[in-house]
1. Which three extents, in angstrom, do the Cα atoms of segment 93-239 have along their principal axes, listed largest first?
2. Mind checking the log10 I(q)/I(0) for the chain at q = 0.07, 0.10, 0.13 Å⁻¹? Debye, one equal scatterer per Cα, no solvent, two decimals.
3. When the solvent-accessible surface of protein heavy atoms is calculated with a 1.4 angstrom probe, in what order do HIS90, HIS99, HIS116 fall, highest first?
4. Ignoring everything except DSSP H segments at least 4 long, calculate the 222 nm mean residue ellipticity for the chain; use -39,500 (n - 2.57) per segment, divide by total residues, nearest 500.
5. If you bin the C-alpha pair distances of segment 242-399 every 10 Å from 0, what whole percents do you get?
6. Going Cα to Cα from LYS157, which lysines come in below 18 Å? Please leave out same-chain ones fewer than 8 positions away.
7. D for segment 102-158, whole µm²/s, Stokes-Einstein with Kirkwood Rh over alpha-carbon pairs at 20 °C and 1.002 mPa s: what number?
8. Quick one: grab the alpha carbon gyration tensor of segment 214-281, order the square roots of its eigenvalues as a ≥ b ≥ c, and give me rounded if a/c is under 1.5, else prolate or oblate depending on whether a/b is larger than b/c.
Amino acid sequence: MSQYRTFTARDAVAYAQQFGGLDNPSELVDAQEVGDGNLNLVFKIFDNQGVSRIIIKQALPYVRCVGESWPLTLDRARLEAQTLVEHYQHSPQHTVKIHHFDPQLAVMVMEDLSDHKIWRGELINNVFYPHAAAQLGEYLAQVLFHTSDFYLHPHAKKALVAQFINPEMCEITEDLFFNDPYQIHERNNYPAELEADVAALRDDTQLKLAVAALKHRFFSHAEALLHGDIHSGSIFVAEGRLKAIDAEFGYVGPIGFDIGTAIGNLLLNYCGLPGHLGIRDAASAREQRLTDIQTLWTTFAERFQALASEKTRDAALAQPGYASAFLKKVWTDAIGFCGTELIRRSVGLSHVADIDTIKDEAMRHACLRHAITLGKALIVIAERIDNVDELIARVRQYS
């Protein structure tokens with residue numbers, strides 16, 4: 001990485017002129033850094049009419065919110081670009097397009113989505129996109145099926161596993177999801193008023209055994225090429241459209257992890273809505289989140305099942321009934337991983353605006369407690385939640 005340098009806005013414009021693929025690259029004249037995450041610089045590149053045309057994204061060699069004391073591999077930019085390219089092959093309508101990638105500079109040039117909005121912000125503002133949950137389910141079914149053993153030849157699947165080994169980013173997931181919230185750790189971040197709730201997590205042997213099993217599955221179940229961080233902040237939406245972005249945690253792992261992370265973020269929104277809308281006005285929006293979860297899972301499961309029936313290449317996996325049995329396992333995994341997402345976003349380093357932007361402190365704390373309680377319950381009873389209707393009933397029980 002000897003050629004690496006951190007881009008300025010001027011660097012980003014020059015790079016977009018060279019690799020943006022525009023017929024008249026001299027039209028690109030300005031850049032604005034818009035990254036709000038912890039891992040990257042993101043520049044919008046504007047033409048001489050002030051219209052954003054291209055996105056330049058560069059990986060930083062450290063975690064932005066911590067600084068250089070937490071270094072990160074720049075190879076994650078290659079993994080992100082290649083994950084998105086692979087996913088685009090199978091779901092182009094729901095994956096951001098990568099135009100160019102430079103591994104030396106850890107820079108990618110990608111499709112501009114300025115006519116879209118981040119789904120998390122829209123959910124917080126109670127703006128409903130009626131197709132989004134089904135589109136997310138379709139995206140997950142397509143990319144996870146086509147990168148799994150159901151579709152790939154065993155040699156191709158093993159090559160995929162080797163290509164997407166992502167140890168440093170996986171270590172972040174392993175720590176933030178499965179380690180930090182269940183021990184005293186300097187990265188944890190929660191109000192002092194919740195100390196008793198968090199201490200109860202550390203003292204709950206049954207919970208920690210279930211989390212250990214989930215971590216072990218994340219370690220060892222190389223089922224498909226995951227997005228690895230598919231939350232509502234890594235999804236752009238517009239009327240009738242949805243695009244997944246930000247796949248630097250791409251990794252061949254358990255399918256239920258992506259499903260659980262997606263469901264978990266819808267439930268984080270569910271927990272936070274009373275703090276934004278008030279308890280009475282939040283009721284209908286919360287019901288919509290539960291419907292979204294039902295739609296997401298149903299779409300995913302039905303499409304995955306249909307793809308398995310039509311395209312499974314392995315004779316054993318094509319046995320009638322096997323895909324259905326496999327999806328039951330995916331569902332159980334997803335519920336457990338969903339619970340870890342709820343807890344890590346409430347207790348750990350990285351929170352979500354669905355709860356953190358609630359202005360009333362007492363209400364914010366109540367919403368955090370709700371997320372912790374619900375997450376803990378889902379982890380412990382995941383194997384007893386047989387279907388999405390039972391999940392919705394459990395969510396209502398803990399509300």
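The values are calculated or read from the model by the stated rules, or taken from the named source; none is laboratory data. All of these numbers come straight from a predicted model, not from anything done at the bench. As a convention, Cβ positions derive from the backbone with ideal geometry for all residues, glycine included, and neighbour counts pool all protein chains shown. SASA here: full protein model, heavy atoms, side chains in, ligands and nucleic acids out. Shrake-Rupley method; radii C 1.70, N 1.55, O 1.52, S 1.80 Å.
1. Result for segment 93-239: principal-axis Cα extents of 48, 45, 35 Å.
2. Log10 I(q)/I(0), no solvent term: -0.32, -0.66, -1.13.
3. Result, largest first: HIS99, HIS90, HIS116.
4. On the way: 14 runs with 211 residues, N = 399.
After summing the helix terms and dividing by the residues of the chain, the value is -17500 deg cm²/dmol.
5. It works out to 10, 37, 33, 14, 5, 1, in whole percents.
6. LYS311
7. Numbers: Rh = 14.9 Å.
My calculation gives 144 µm²/s for D.
8. Note, shape of segment 214-281 comes out oblate.
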